[in-house]
Amino acid sequence: MMVGEEQVAFPAVPELLSPSHGGAAAGATGAGLRPAVIALDVGGTDIKSVLVTRGTDPDGLDQILVERVTPTRAAEGPEASLAAVLAAVEALRAEVPAGYQVLGVGLAVPGTVDESAGLVVSAENLDWVDLPLRQVVADATGLPVGFGHDVRAGGLAEARLGAGRGAPDHAYVSIGTGIAAAVVLHGQVYVGGGYAGEIGHGGAHGGAPCPCGGTGCAETFASAAGMARSYRELTGATTDEVPGSAEVLARAHAGDVVAREVWDRAVDRLGELVAEMVRVLALPVVVIGGGLVRAGDDLMVPLDAAVRSYLTIHPAPRLVPATLGPAAGTYGATVLAWDAVSAAALESL
């Protein structure tokens, strides 16, 4: 794996996640045992991991048996963060209750992710480049592994379990620390080699530098983190005073003119991004998720108006708030895990 100009060798896959922990590589459940899967939503700071089984409603959410949040250890380097992922899987396999059997693993990870190849092309916050994560975890566990981008996984979960259910063509737009989208066409999430949905980057010609290498990208001022950063730069406020977009909105409500300008500019840009997708794909529904959706009508009402202002001949989409909230990525990882188990079972026939 290349990081910068240095060659970084990941450690050998540890044997502590051997298939002897009760997994079945082909997806077959032992007699009398209920099926379960492990799902990880890997972030730059934490790993949200769950052990789940099927709920009583076959079309509803899974039943969570064990839930954990552990540090990603990204600051310690790419080897440490990879080890943290493997350790999170091991920890849940060690906590499988009697009567259950783990059949697969699901991984939702950030960055540029090629689902078809099982490859993390680049994850800046984790310093991963060209990491074949799906194969690494499969080799470590002996289990089928579902693998995908965190936002696309969230979009998949909203499509099957949440606000996008019943709309075969729609987009899921996640607005939080960054901005990204999952485009769902004919009920399937479009991957595009790992680059589909990166609406928060590119198309800018001036402004603040962005981690992607561009300047003035939407993420630099229209994401939740970008709003707070923009306000601090304009006013001299500290991070303690304005840690996030919620404080910007609170100040706007209190009559702070700068906060109102920062908020309105961000929402207008978000509306333009949504309208751009609608013009290309004629999407009838757009699901809005990520941390910013907690703003409720303060986001959804002006966002709807902004989208409509950028459309002429195209019908405006129906904007709906995501129903799975911050858990969308985790539930998406469970969907990926179950899909991997089903695919492995079919291959074994």
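Values of log10 I(q)/I(0) for the stretch 69-198 across q = 0.10, 0.11, 0.23 Å⁻¹ run -0.35, -0.42, -1.35, by the Debye formula with one identical scatterer at each alpha carbon and no solvent. In angstrom, the C-alpha Rg and Dmax of the stretch 104-153 are 10.0, 28. Per residue, the Cα convex hull of the stretch 50-120 amounts to 122 Å³. Could you give log10 I(q)/I(0) at q = 0.23 Å⁻¹ for the stretch 189-274, computed by the Debye formula over C-alpha point scatterers of equal weight, without solvent? Cα-only, vacuum Debye calculation for the stretch 189-274: -1.09.
Among the DSSP beta bridges whose two residues both lie in the chain, what percent are antiparallel, rounded to the nearest 5? Here the antiparallel bridges make up roughly 60 percent for the chain.
Relative contact order for the stretch 285-342: what percent, with Cα pairs under 8 Å and sequence separation of 6 or more? In percent, rounded to a whole number, it is 48.
Solvent-accessible surface of the chain, averaged per residue with a 1.4 angstrom probe and all protein chains in place: 44 square angstrom. Accessible surface ranking for I179, I199, 1.4 angstrom probe, highest first: I199, I179. When Lys and Arg each count +1 and Asp and Glu each count -1, what net charge do the other residues less than 13 Å away from L299, Cβ to Cβ, add up to? So the surrounding residues net to -3. In the stretch 177-218, the convex hull through the Cα atoms has an average projected area of 3.5 nm², a quarter of its surface area.
The listed residues S122, S245 rank as S122, S245 when sorted by accessible area, largest first, using a 1.4 Å probe. Note on the chain: with neighbouring protein chains present and a 1.4 Å probe, carbon and sulfur make up 54 percent of its accessible heavy-atom surface.
With a 1.4 Å probe rolled over the protein heavy atoms of all chains, the accessible area of H205, H253 falls in the order H205, H253, largest first. Residue-normalised convex hull volume from the C-alpha trace of the stretch 281-324: 73 Å³ per residue. The Rg/Rh ratio of the stretch 289-349, with Rg taken over Cα atoms and Rh as the Kirkwood radius over Cα pairs, comes to 1.24.
Magnitude of the charge dipole for the chain, about its Cα centre and with charges confined to Cβ atoms of Lys, Arg (+1) and Asp, Glu (-1), is about 760 debye. Grouping the Cα pair distances of the stretch 226-306 into 5 Å bins from zero gives a pair-distance distribution of 3, 15, 25, 23, 15, 10, 6, 3, 1 percent in increasing distance order. Three principal axis extents describe the C-alpha atoms of the stretch 141-190; from largest down they are 35, 28, 18 Å.
Quarter the surface of the alpha carbon convex hull of the stretch 193-334 and you get the mean projected area, 9.8 square nanometres.
Taken as entire DSSP H runs, the helices of the chain that both span 20 Å or more between Cα atoms along their own long axis and average -0.5 or more on the Kyte-Doolittle scale are 78-93, 257-281, 328-347.
The local environment of G178, defined by Cβ-Cβ distances under 13 Å, has a net charge of -3 under the rule Lys, Arg +1 and Asp, Glu -1. When only alpha carbons of the chain are considered, Rg and Dmax amount to 20.7, 66 Å.
Using a cutoff of 8 angstrom between alpha carbon atoms and counting only pairs six or more residues apart, the relative contact order for the chain works out to 19 percent.
The values are calculated or read from the model by the stated rules, or taken from the named source; none is laboratory data. Predicted model, so just to flag it, every value in this text is computed and none were measured. Here Cβ is always computed from backbone atoms with ideal geometry, including for glycine, and neighbour counts include all displayed protein chains. Accessible surface is based on the protein model in full, side chains and every heavy atom, while ligands, DNA and RNA are left aside. Shrake-Rupley method; radii C 1.70, N 1.55, O 1.52, S 1.80 Å.
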